[in-house]
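**Student:** Input: one structure, supplied below.
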Amino acid sequence: MTIEQQKMQWLLSDPDTVRFRDEQLLAETEFVYHQHDFGQLLYVISGVMDLEAGGQRFLAPPEFSVWIPKNTGHASYNKKTLSFKVLDIAPSWCEGLLDKPCLIQLSAIFSTIFSDFFHRGVCKPQTEEDFRLAQVLIDQLKASPIHHTYLPSSKDKLLAPILSVLEQDPANNTSLEEWAKKRYTSERTLSRRCQQELGMSFSEWRKRLRFLHAISLLEQGKSVNDIAFDVGYSSSSSFIAMFQQYAGTTPERFRRLPNC
């Protein structure tokens, strides 16, 4: 058995408690549909994760995590390079955790303990102290805020074509009123469909899309000014204000953040 086969056998086997590992995927990487007998938390470090789990699409930017319950089918295809950390959780440790996939914004306590395990190179707890820390991780995971998706999708006959166009061209500045005319409906109807189908306004959805797109462009080394125009802003200042609203920091500071 080769080293790569041994690694794959280890990854597919059930963890006894919890298991920590780093992953980095190259651009245009695909994971075909599969499932595990254990729970899995995928914590994004850089890039944007595009994953389908339980029949739902999840887009996760840095510092968000995707929770995949045990025996939940999932697949992914990522256009850009992606770096993330994985926490595999044994079935016996999954009690009390959500039984549906979702996005989780982890607490500061979780992030600190999680980073400590990786900093010390611990693949799974061996000492009594680390077992206690691992249990705190699970407790914090249960208490962390849950998001059903960061950028919702829809199969609605009015919304789906609009969202598809915007995903292909985030710089598209067509207003909701103009979209309504193109779809032979009213702005009020489209606005109501956005709240019903997406759980947010049209403008909020478009800003989130632009934020995700901007992250990829930042990692490609493009200038803030160029990115602003690429995602539909007429000035870099308005783009920076939007980015800071979602990332909590400016694009340039975000670019300089360490990857671990």
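The values are calculated or read from the model by the stated rules, or taken from the named source; none is laboratory data. Just so it is clear, the structure is predicted and the values come from calculations on it, not from any experiment. A quick note on method: Cβ atoms are made from the backbone with ideal geometry, for glycine too, and the neighbour counts reach across all protein chains shown. Each accessible area value is taken on the protein alone, full model and side chains, heavy atoms only, with ligands, DNA and RNA left out. Shrake-Rupley method; radii C 1.70, N 1.55, O 1.52, S 1.80 Å.
**Student:** How far is it, in nm, from the label point at Thr81 to the one at Thr112 when both lie 7 Å from their Cα along the line to the Cβ?
**Tutor:** Going from the Thr81 label point to the Thr112 one covers 3.2 nm.
**Student:** Quick check: at a probe of 1.4 Å, how many percent of the accessible area of region 189-260 sits on carbon and sulfur atoms?
**Tutor:** Carbon and sulfur atoms account for 46 percent of the accessible area of region 189-260.
**Student:** Checking the cross-link filter: which aspartates and glutamates have an alpha carbon closer than 20 Å to that of Lys182, excluding same-chain neighbours under 8 positions apart?
**Tutor:** Asp156, Glu167, Asp169, Glu197
**Student:** Round to the nearest 0.05 the FRET efficiency obtained for Gln135 and Lys181 when R0 = 41 Å and r is the Cβ-Cβ distance.
**Tutor:** E between Gln135 and Lys181, to the nearest 0.05, is 0.10.
**Student:** I've got another one for you. For Lys142, list the lysines whose Cα falls under 30 Å from its own Cα; do not include residues on the same chain fewer than 8 positions away.
**Tutor:** Qualifying lysines at Cα under 30 Å: Lys7, Lys70, Lys85, Lys100, Lys124, Lys207.
**Student:** At 1.4 Å probe size, with every protein chain present, just tell me what the per residue accessible area of region 71-128 comes to in Å².
**Tutor:** 49 Å²
**Student:** Within region 27-145, what whole-number % of the accessible surface is contributed by carbon and sulfur, with the 1.4 Å probe and all protein chains included in the calculation?
**Tutor:** Within region 27-145, the accessible surface is 52 percent carbon and sulfur.
**Student:** Could you give the angle, 0 to 90 degrees to the nearest 10, between helix 159-168's Cα long axis and the longest principal axis of the Cα atoms of the chain?
**Tutor:** Long axis of 159-168 versus the principal axis of the chain: about 80 degrees.
**Student:** On to the next question. Could you give the nm distance between label points at His34 and Ser92, where each point is 7 Å from its Cα heading toward the beta carbon?
**Tutor:** So the two model labels end up 2.5 nm from each other.
**Student:** Over the Cα atoms of region 127-260, what radius of gyration and what Dmax do you get, in Å?
**Tutor:** In Å, with Rg to one decimal and Dmax whole: 18.9, 65.
**Student:** Treating the beta-carbon of each Lys and Arg as +1 and of each Asp and Glu as -1, no other charges, what is the dipole magnitude of region 139-210 about its Cα centre, to the nearest 20 debye?
**Tutor:** So the magnitude is around 160 debye.
**Student:** Return the Rg/Rh ratio of the chain with Cα-based radii and a Kirkwood Rh.
**Tutor:** Using Cα coordinates only, the ratio equals 1.00.
**Student:** Still on this structure: How much accessible area does Glu128 have with a 1.4 Å probe, in Å² rounded to the nearest 10?
**Tutor:** 130 Å²
**Student:** Rounded if a/c is under 1.5, else prolate if a/b is larger than b/c, else oblate: which is region 220-260, with a ≥ b ≥ c the root eigenvalues of its Cα gyration tensor?
**Tutor:** In terms of gyration-tensor shape, oblate.
**Student:** Could you compute the FRET efficiency for Ser238 and Thr127, with r as their C-beta to C-beta distance and R0 at 45 Å, rounded to 0.05?
**Tutor:** Taking R0 as 45 Å, the efficiency between Ser238 and Thr127 is 0.30.
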